[in-house]
Amino acid sequence: MNIVQLENVAKALVAPGKGILAADESSATANKRFAAVYVTQDEEHRRAFREILLTTPEVAEIVSGVIFYDETFWETGSNGELFREYCAKRGVIPGIKVDEGLVDLPGFPGEKVSKGLDSLPERIAKYAAAGAQFAKWRSVIVIGDKIPTDACIAANAFVLARYARICQEAGVVPIVEPEVLFDGTHTAEQCESVTAHVLETLFAAMRTYRVHFPGAILKTGMVLPGKNSGIPVDETDVADRTVHTLRAHVPHDLGGVVFLSGGQTSHQAFANLNAIAQRGPHPWGLTFSYSRALQDPVLKHWAIHQTDTTGAQSIFAHQLKVARASRSGEMSVSSHGDDFVSHSQDM
Ligand code: 13P
């Protein structure tokens, strides 16, 4: 593995003023989101919507990298150019989601582990040869009655750590994503203690499996009260808890920290990121890696006006500008994103 190259890619992904576009919804998840707004659920509509996002001019300025799903990674735009090459030419780093989704953890009702590790060395070599410079693997931790268990946290940490080292062997920067789900009735205190435990376990496993920290990135949720808890989300509290937890439990030599939006409204996801950024400087480059908070207002418009590419792209440009402002702690109240709530949690 080329350590310098890994570190440089990690740094570029979290460079000042930039952030990551997560466009790696599996076909099933993309279809669910399309179904919610009555868009035809087929490959051509998924391709067309992603083409609108990727060809928005502001992407080259604001997006450091795009996480692709396998289907899009091999697809071309209307001009016949491969999406990933189109992005790379504009200085936007192509990345790839490589976990193959969630399966039940036998013996642990309600808990999941991500699959796909056995075939990963072959798959990552193929993606790297085709231009992927980073990858993402998502694990899910659910907060509920007597869960998460230590066994579930350890199983997911083991898989994430092995995935990360396999990526680095192939010259690809791993984004490790142990997503503590926003769904649930838990308090912010519970989310904070679970997140702390997950991060401690994850980085211990990554040390054991010899992951080079400056060439790896953490993708995490914010510390929030559960979506169904009835507890209002207060950005000061979210930012204080999130910054405190990350500083205490994430190695300071890690290559970067990025956030998922996790089913928060666009407004919440940007306002919270803004408050987190204002508590800097942080030990790592810290930015967004959003799917729903960036895309949902665009999808909502496109669903009704599918021939209005200009309109859809101007909404996406607005989302990107709000994202850029919020990751720098410079978001003005009037630039809050559209308050669009998405319900589907799967990727
Ligand atoms: P959301 O921003 O919609 O949570 O998606 C980001 C992601 O990559 C989740 O795995």
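The values are calculated or read from the model by the stated rules, or taken from the named source; none is laboratory data. Note that this is a predicted model, so its numbers are computed, not measured. Neighbour counts are summed over all protein chains in view; Cβ atoms, including those assigned to glycine, are modelled from backbone coordinates with ideal geometry. Ligands, DNA and RNA are stripped out before the accessible areas are found, and what is left, the full protein with its side chains, is counted by its heavy atoms. Shrake-Rupley method; radii C 1.70, N 1.55, O 1.52, S 1.80 Å.
Can you say whether VAL322 is in a helix (DSSP H, G or I), within 16 Å of the ligand (Cβ to nearest atom), out of contact with any Ser or Thr (no Cβ under 8 Å at 6 or more places or on another chain) and open to solvent by less than 10 Å² (accessible area, probe 1.4 Å), as far as the supplied structure shows? Spelling it out, it is not the case that VAL322 is in a helix (DSSP H, G or I), within 16 Å of the ligand (Cβ to nearest atom), out of contact with any Ser or Thr (no Cβ under 8 Å at 6 or more places or on another chain) and open to solvent by less than 10 Å² (accessible area, probe 1.4 Å).
Determine if region 71-79 includes at least one residue that is more than 16 Å from the ligand (Cβ to nearest atom), under 19 Å from the mean Cα position of the chain (by Cα) and at pLDDT 95 or above.
no
Among TYR38, TYR69, which is open to solvent by 40 Å² or more (accessible area, probe 1.4 Å) and over 24 Å from LYS219 (Cα atoms)? Let's see the steps before the verdict.
Details: TYR69 fails: over 24 Å from LYS219 (Cα atoms).
Checking each option against the conditions leaves just TYR38.
When the residues of region 242-270 are filtered to those that are buried (at least 22 other Cβ atoms within 10 Å of the Cβ) and part of a helix (DSSP H, G or I), the one that is nearest to the ligand (Cβ to nearest atom) is ALA269.
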